[in-house]
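The values are calculated or read from the model by the stated rules, or taken from the named source; none is laboratory data. Only a predicted model underlies this, so the values are computations on that prediction, with no experimental measurement involved. Neighbour counts run over all protein chains shown; Cβ positions are idealised from the backbone, glycine included.
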Amino acid sequence: MSRYLRPRIPGASIFFTVVLADRESDLLLREIVRLREAAGRILAKRPVDIGAWVVLPDHLHAVWTLPLGDCDYSGRWAAIKAGFSHGLPSAPLRRSQVNRREKGIWQRRFWKHHLRGESEYAAAIRYCWTNPVRHGLAGDPADWPDSSWHRDAARGLTSGFDHRRGLP
């Protein structure tokens, strides 16, 4: 079996996509409080700067900047996923999931992209803001409740942003 290698860059800014195993599920929205509590517990112990975060029915996107000297984003995601899954019933499991003590709720890995520069960082944040619109879940980023859009709007960071530009 091949080993999956991830870059280890202390203090990096990274864009993540984390997905449920069942792409037809709405579990993240039904259990949004559970997700917030799990993420809150882990990130209180191992903080990151959250540039953006959006939760959709079956996946989430986040932009994190790790602390200087810290490169363990994978451990944080593993702990958030485990904390979220704790107490939920298991999905039907394959042998490999049983062997790894998984519940079959999450896809095993996650997608990540190390952001190179301010323009990539800003584009990743805009992607998070507009993702519910892209998926047809909201007509405007402000209409989606489970997004850092609201935090950023309160800070005045969304003024002048037109979500219709660049959307299919």
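Of the residues ALA52, ALA79, which is of a type in the set (Gly, Ala, Ser), within 30 Å of ASP162 (Cβ to Cβ) and modelled with pLDDT of 95 or more? First the steps, then the outcome.
On the way: ALA79 fails: within 30 Å of ASP162 (Cβ to Cβ).
Residue meeting the stated conditions: ALA52.
Across the range 111-168, the number of residues qualifying as of a type in the set (D, E, K, R), within 19 Å of LEU28 (Cα to Cα) and not in a helix (DSSP H, G or I) comes to 1.
Within the range 27-61, the set of residues being crowded, with 20+ Cβ neighbours inside 10 Å, in a helix (DSSP H, G or I) and small (Gly, Ala, Ser) comprises just one member, ALA39.
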